[in-house]
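Right, one structure below, let's go through it.
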Amino acid sequence: MSADFEQVLARDGKLVYIGVGTSMLPMLRQRRDLLIIERPRGVLRKYDVPLFKRGPGKYVLHRVLKVRRDGYVLCGDHQWRREYGVTDQQIIGVLTAFVRDGKEISVTDRRYRLYVHLWCDLFWLRAAILWCLAAPGRIRRKLKRQRKKTPEPGGNILPSVQDTKSKQSS
């Protein structure tokens, strides 16, 4: 039986794994980049990328956009909806580096820091772009729901007099 992330971090102080999910694109590529997570050292700061537990067995890696007294405001780099109220008790580790195409990139690297500032400081622009890019999917889903509600050709749109009378008598 494999150990969960918390057990590995408690035992080794470091967790190395290949990430799954698209919420941290374009920085972290799903099933391609190797993530290096270490135990947190105190309160997190803006731009840190914590690994936290959302529910039983549900681990999430998102970026800190704001530090508050009641918790952190987080958001994935490929998302536009913020997540509020994540607490230190939920956080099990923090991204310290990742390996892309065989090269380790530390979170202290100046190119990484530049990316983070541009990506997060222009959150409003990113959110607008991602919202627009997601529009075709929203429209498709809405049209699909509408098609399910639309009656078959030749079908009755309004209830017949007999349908109305039978409902009243029941």
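Can you tell me which residue within the range 41-56, out of those that are at pLDDT 95 or above and crowded, with 16+ Cβ neighbours inside 10 Å, is nearest to D121 (Cα to Cα)?
Y47
Could you list, in sequence order, the residues of the range 64-80 that are at negative phi and without any contact (Cβ under 8 Å) to a residue 40 or more places away in the chain? Let's see the steps before the verdict.
Our first condition is that a residue be at negative phi; within the range 64-80, this holds for 64-70, 72-80.
Correct list: V64, K66, V67, R68, R69, D70, Y72, V73, L74.
Can you pull out the residues in the range 41-56 that are closer than 19 Å to E83 by Cα and in a loop (DSSP other than H, G, I, E, B)? Steps first, please.
Let us first name the residues in the range 41-56 that are closer than 19 Å to E83 by Cα, namely 43-56.
Scanning the range 41-56 gives V43, L44, R45, K46, Y47, D48, V49, P56.
Out of the range 18-40, which residues are surrounded by 19 or more Cβ atoms within 10 Å (Cβ to Cβ) and part of a loop (DSSP other than H, G, I, E, B)?
G19, M24, M27, L28 - these are the residues of the range 18-40 that are surrounded by 19 or more Cβ atoms within 10 Å (Cβ to Cβ) and part of a loop (DSSP other than H, G, I, E, B).
Residues that are among the small types (G, A, S) and without any contact (Cβ under 8 Å) to a residue 24 or more places away in the chain: does the range 22-32 have at least one? Working first, answer last.
Applying the first criterion (among the small types (G, A, S)) to the range 22-32 yields 23.
Now restrict to residues that are without any contact (Cβ under 8 Å) to a residue 24 or more places away in the chain: none.
There is no residue in the range 22-32 that is among the small types (G, A, S) and without any contact (Cβ under 8 Å) to a residue 24 or more places away in the chain.
The values are calculated or read from the model by the stated rules, or taken from the named source; none is laboratory data. None of the values given here were measured: they were computed from a predicted structure. Cβ: placed from backbone, ideal geometry, glycine included. Neighbour counts: every protein chain shown.
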